[in-house]
Amino acid sequence: MAAKKGVRIIITLECTECRSNTDKRSAGVSRYTTSKNRRNTTGRMELKKFCTHCNRHTVHKEIK
């Protein structure tokens, strides 16, 4: 029997400013992992999180 897929899935959030800004204080991109409900939140998730590379709170978007 096949396993049933759960409603909650694990997603990765990535800093939008680290990805686009080449002149930053350190190399790398800030990433967080979290979970979301697939039925309630169908679109891509955006949260304001602290970026250790930018040293401030920035928008983090869901990546595949």
Inset, instruction - Name the residues whose placed amide hydrogens come within less than 5 Å of the amide hydrogen of Arg38, ignoring near sequence neighbours (fewer than 5 apart) on the same chain. - result: Arg8, Ile9
Legend entry - Reach of Lys5 by Cα under 18 Å, taken over lysines that are not fewer than 8 positions away in the same chain: Lys36, Lys64
Inset, instruction - Describe numerically, in nm with one decimal, the distance between label points set 7 Å from Cα along Cα→Cβ at Thr42 and at Glu17. - result: 3.3
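Here, each number is a calculation from the coordinates, and none is a lab measurement. Values in this document were obtained by computation on a predicted structure and should not be read as measured data. Because the Cβ atoms are built from the backbone with ideal geometry, glycine has one as well, and the counts that use them run over all protein chains shown.
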